[in-house]
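The values are calculated or read from the model by the stated rules, or taken from the named source; none is laboratory data. Because the structure is predicted, anything quoted here is derived from the model rather than measured. Note that each Cβ is placed from the backbone with ideal geometry, even for glycine, and that neighbours are counted across all protein chains shown.
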Amino acid sequence: MSLYIPTVQPGYFGEGSVEVAPAAGPEEGPTRRLAITCEKLVTQPTEGVETVFDVLQYSSRTYGEERALGWRDVVRIHEEKKEVKKTVGGKEVTEVKTWKYFELSDYKYLSYVEFEGMVADVASALIDLGITTDHVFNVYAQTSINWQLMAHACASISTTIATAYDTLGESGLTHSLNEPDCIGLFTNADLLKTVSKVLPNTPNVKYIVYDGEPSPELLASIRDTRTEIQVFSISELIDRGKALTPSPETLSARRPSSSTLACIMYTSGSTGAPKGVCLTHGNLVASVASVALVFGRHLTRHSTYLAYLPLAHVLEYIVELCALYTGITTGYARAKTLTDASVRGCRGDLATFQPNIMFGVPAVWETIRKGVLGKVAAGGWATQKAFDVALAVKKAGLPFLGGLADSTVLSKVREATGGKLVFIMNGGAAISKDTQEFLSWAIVPMMQGYGMTESCGMCTLLPPELPSFGPVGLPVPSIEIKLLDVPSAGYTSKDSPQRGEVCIRGPSVTKGYYKRPDLNNDETIFTKDGWLRTGDVGQWNEDGTLSIIDRIKNLVKLQSGEYIALERLESVYKSTNLVANICVHAGPSVTQPIAIIIPHESNLRLALTGSDAASLPLRELCTNAEVKALITADCNAVGRNAGFKPFELLKAVVLTPEEWTPESGLVTPAMKIQRAKIGKVFEKEIEVCAAFLKL
């Protein structure tokens, strides 16, 4: 693989990863670390930076009046009415729905010094309100400057924050407020209705801070819930802090140490009630140090990063902290305003901000890939042929022709992402090799990372110096890794290459879950000698990188006795152009898996061009035998190309036109599928498929 990134230093990582300790027992492998830091795990990016507050001060001191954070104001909301067809009681009806589109300003910016000053103002106001080091303040809001403003203010005075996804419903929000006994929360105006509904059941909440412009009636209703509730806009809080002059001694006494609990970060709850992961300042700063060491040469000062993923997800939280430390300008965006098609009277966030670096989860990258392929196919035979030739030339590594392909064909594809990307990064979940390869050649090189909330998103990173498709990277400098045998599934450290459950240890790893002694004392999660068992099955590669090949809890035994890994199948099948989302179902009663699939409507209709089915409503397409056969064949073609065995190929599909959302309960706030709930919703359809397959 030959992908050009100008800041690459060949051979920088030496052997990749190396063994630093022999196997401690017969059913595990040796301990490995990043080769260039094998003598000692890193804990801080530079001397004197030990806490999140230190990162803020370092950035202000180092980058001063340079641009730190950017945002766009909403200038106007455009409403458009569209007809939507749906089936009600077996009959097709047409409904008129109103769609809202934002018109946005150009980006506005705060400098590092200005941001530090605002953090100090909010921190002073919080102290004045009586917020102490024993309190927990919840952040239930969309990704924005104000999210970071509240988080950094709390961090600077040793007040722990608890995070909550802005897509959480009432029960999830109630849990994240009550378990840590939150004294207050920060939120957005459009989330205050949900807040108002949970306040009667969250008796410890006393302070509510919001941004935006809620109605006076809603604010009055919230204040009337309990006499002790106080409500402030973020502007009021800043003004309150500016008017105060707390003594240096007061502020100094509130500064955190590396062992101070910085954050209770709630998982998205894909396997039950969300768990609160306890992350200290030391955990977070060690993770910043890891990213800075692995990617520091590529995260150059004055680079730009587009922030749109949920800050309640550890991936986005750590990336933004790293951007602050390395002097990268962060531009805030909304998932709904990224492209030109989703705004009115202005360009989308990507075209306006023109980022150099962009992180995303598989759902984002799959959407981009399918969007590109759909547009290319819609352009006709000549466009398709030109695109295919351009990709082939790039893959062949022909410098002159590759440059010509870039400038004449692929540059138009890159314009959709702003045209200035240097590299992109996937995290949060596994992405298919095909999608990683496609985006790397068609847009810019895609790197990968692997981690979890419990390790601040840290475990491995794939740096530009080791470009490859599939592996998730080298051990990060703050983590060491060993593989534990999974004999029931046939994975052992004696295999060649070594395979087993990934276990991690180091400064980035949490010491446990909030108020969950049952989990903290469970040796299938935390071992007595300090290892965290991830539940993922990994494989060491010859170049020292790690690949994730399975997930233990999603290993399912088929009727034949063979095991299949549901998440692995899903990541591959989801890369087909006809699939928008997928949940693979299997068990001991079937010989091959069945998939519940949401079709990608525009690409499906394009594939049906010339067919009688092409004009049918999506709901009818989902019951059409021709469509089911087409999607099954397309998925299995991708599966065979990925090297799937016959028993891993789909035997049948269940198609549904309904999108899975956090509100429906079929995906988590982090957009991970809720496998058990999807299985319950489609139980009858799955049973029909399974019964038919037995005939």
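Which ones in the range 21-44 are more than 24 Å from Thr280 (Cβ to Cβ) and either part of a strand (DSSP E or B) or charged (D, E, K, R) (or both)?
The answer is Ala21, Glu27, Glu28, Arg32.
Can you give me the ranges of the strands (runs of 3 or more DSSP E) entirely in the range 543-585 with at least 3 residues that are of a type outside the set (Ser, Thr, Tyr) and within 24 Å of Leu604 (Cα to Cα)?
Per the criteria, 579-585.
Taking Cys278 as meeting all but one of (1) surrounded by fewer than 24 Cβ atoms within 10 Å (Cβ to Cβ); (2) not in a strand (DSSP E or B), write down the number of the exception.
(2)
Have a look at Ala642, Ala637 and point out the one that is closer than 22 Å to Glu567 by Cβ, exposed (fewer than 13 other Cβ atoms within 10 Å of the Cβ) and either touching a Phe, Trp or Tyr at 6+ places or on another chain (Cβ under 7 Å) or assigned by TED's automatic domain parsing to the domain that holds Val584 (or both).
Working: Ala642 fails: exposed (fewer than 13 other Cβ atoms within 10 Å of the Cβ).
The match here is Ala637.
Every residue, every condition in (1) on the phi > 0 side of the Ramachandran plot; (2) crowded, with 22+ Cβ neighbours inside 10 Å; (3) assigned to a helix (DSSP H, G or I), yes or no:
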{"residue": "Ala341", "(1), (2), (3)": "no, no, yes"}
{"residue": "Gly345", "(1), (2), (3)": "yes, no, no"}
{"residue": "Leu350", "(1), (2), (3)": "no, yes, yes"}
{"residue": "Met358", "(1), (2), (3)": "no, yes, no"}
{"residue": "Ala363", "(1), (2), (3)": "no, no, yes"}
{"residue": "Thr367", "(1), (2), (3)": "no, no, yes"}
{"residue": "Lys375", "(1), (2), (3)": "no, no, yes"}
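Looking at the range 16-24, can you tell me whether even one residue there is modelled with pLDDT of 95 or more, loosely packed, with under 14 Cβ neighbours inside 10 Å and either in contact with a Gly (Cβ under 7 Å, 6 or more places away or on another chain) or not assigned by TED's automatic domain parsing to the domain that holds Gln498 (or both)?
Checking the range 16-24: not a single residue is modelled with pLDDT of 95 or more, loosely packed, with under 14 Cβ neighbours inside 10 Å and either in contact with a Gly (Cβ under 7 Å, 6 or more places away or on another chain) or not assigned by TED's automatic domain parsing to the domain that holds Gln498 (or both).
Residues checked against (1) buried (at least 23 other Cβ atoms within 10 Å of the Cβ); (2) of a type in the set (A, V, I, L, M); (3) in a loop (DSSP other than H, G, I, E, B):
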site	(1), (2), (3)
Val285	yes, yes, no
Ala292	no, yes, no
Thr300	no, no, yes
Pro355	yes, no, yes
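Of all residues in the range 517-535, which are in a strand (DSSP E or B) and under 20 Å from Pro477 (Cα atoms)?
Across the range 517-535, the qualifying residues are Leu532, Arg533, Thr534.
For the range 654-678, which residues satisfy the criterion of being more than 24 Å from the chain's Cα centre (by Cα) and in contact (Cβ under 8 Å) with a residue 60 or more places away in the chain?
Those that are more than 24 Å from the chain's Cα centre (by Cα) and in contact (Cβ under 8 Å) with a residue 60 or more places away in the chain: Val654, Thr656.
Cβ-Cβ under 6 Å, sequence separation 6+ or interchain: first residue in the range 342-359 and of a type in the set (Phe, Trp, Tyr), partner not in a loop (DSSP other than H, G, I, E, B). Which pairs?
Phe353/Leu306; Phe353/Gly331; Phe359/Val319; Phe359/Met425
Could you please give the count of residues in the range 679-695 that are in contact (Cβ under 8 Å) with a residue 12 or more places away in the chain and among the β-branched types (Val, Ile, Thr)?
Within the range 679-695, residues that are in contact (Cβ under 8 Å) with a residue 12 or more places away in the chain and among the β-branched types (Val, Ile, Thr) number 2.
Assess whether Val277 counts as being closer than 28 Å to Pro463 by Cα, more than 18 Å from the chain's Cα centre (by Cα) and modelled with pLDDT of 95 or more.
It is false that Val277 is closer than 28 Å to Pro463 by Cα, more than 18 Å from the chain's Cα centre (by Cα) and modelled with pLDDT of 95 or more.
Have a look at Pro662, Pro588 and point out the one that is farther than 22 Å from Ala430 by Cα, in a loop (DSSP other than H, G, I, E, B) and not assigned by TED's automatic domain parsing to the domain that holds Tyr266.
Pro588
Look at the range 387-426 and say how many of its residues are modelled with pLDDT of 80 or more, in a helix (DSSP H, G or I) and surrounded by 15 or more Cβ atoms within 10 Å (Cβ to Cβ).
Total meeting the criteria: 5.
Being of a type in the set (A, V, I, L, M) and either surrounded by 18 or more Cβ atoms within 10 Å (Cβ to Cβ) or assigned to a helix (DSSP H, G or I) (or both) is the filter here, so list the residues in the range 58-79 that pass it. Give the steps one after another, and end with the answer.
We begin by selecting, within the range 58-79, every residue of a type in the set (A, V, I, L, M); these are 68-69, 74-75, 77.
Residues satisfying the conditions are Ala68, Leu69.
Within the range 417-442, track down each residue that is touching a Leu at 6+ places or on another chain (Cβ under 7 Å) and closer than 13 Å to Gly371 by Cβ.
Thr417, Ala442
Pairs only if they're at least six apart or on different chains, beta carbon under 8 angstrom, first in the range 145-156 and under 10 Å from Leu56 (Cβ atoms), second of a type in the set (Asp, Glu) and modelled with pLDDT of 95 or more; list them, first residue then second.
From the range 145-156, the pairs are Gln148/Glu320.
So which residues in the range 626-683 are more than 18 Å from Ala580 (Cβ to Cβ), hydrophobic (A, V, I, L, M, F, W, C) and touching a helix residue (DSSP H, G or I) at 6+ places or on another chain (Cβ under 8 Å), if there are any at all?
Ala642, Phe644, Leu649, Ala652
Which residues, taken from the range 560-597, are more than 20 Å from the chain's Cα centre (by Cα) and aromatic (Phe, Trp, Tyr)?
Matches in the range 560-597: Tyr563 only.
Can you find a residue in the range 445-453 that is in a loop (DSSP other than H, G, I, E, B), among the hydroxyl-bearing types (Ser, Thr, Tyr) and buried (at least 23 other Cβ atoms within 10 Å of the Cβ)?
The answer is no, given that none of the residues of the range 445-453 is in a loop (DSSP other than H, G, I, E, B), among the hydroxyl-bearing types (Ser, Thr, Tyr) and buried (at least 23 other Cβ atoms within 10 Å of the Cβ).
Do you know which residues across the range 160-181 are among the β-branched types (Val, Ile, Thr) and either in contact (Cβ under 8 Å) with a residue 40 or more places away in the chain or in contact with a Pro (Cβ under 9 Å, 6 or more places away or on another chain) (or both)?
Selection gives Thr160, Ile161, Thr163, Thr167.
Looking at (1) of a type in the set (S, T, N, Q); (2) without any contact (Cβ under 8 Å) to a residue 60 or more places away in the chain; (3) farther than 27 Å from Thr668 by Cα, which one does Ser124 not meet, given that it meets all the others?
Going through the list (1) of a type in the set (S, T, N, Q); (2) without any contact (Cβ under 8 Å) to a residue 60 or more places away in the chain; (3) farther than 27 Å from Thr668 by Cα, Ser124 breaks only (2).
Do any residues in the range 27-42 that are over 17 Å from Tyr12 (Cα atoms) have Cβ atoms under 7 Å from those of residues that are outside any strand (DSSP E or B) and hydroxyl-bearing (Ser, Thr, Tyr), where the two are at least six apart or on different chains, and which pairs are they?
Short answer, once both residue conditions are applied: Glu28/Ser493; Gly29/Ser493; Leu41/Ser478; Val42/Ser290; Val42/Ser478.
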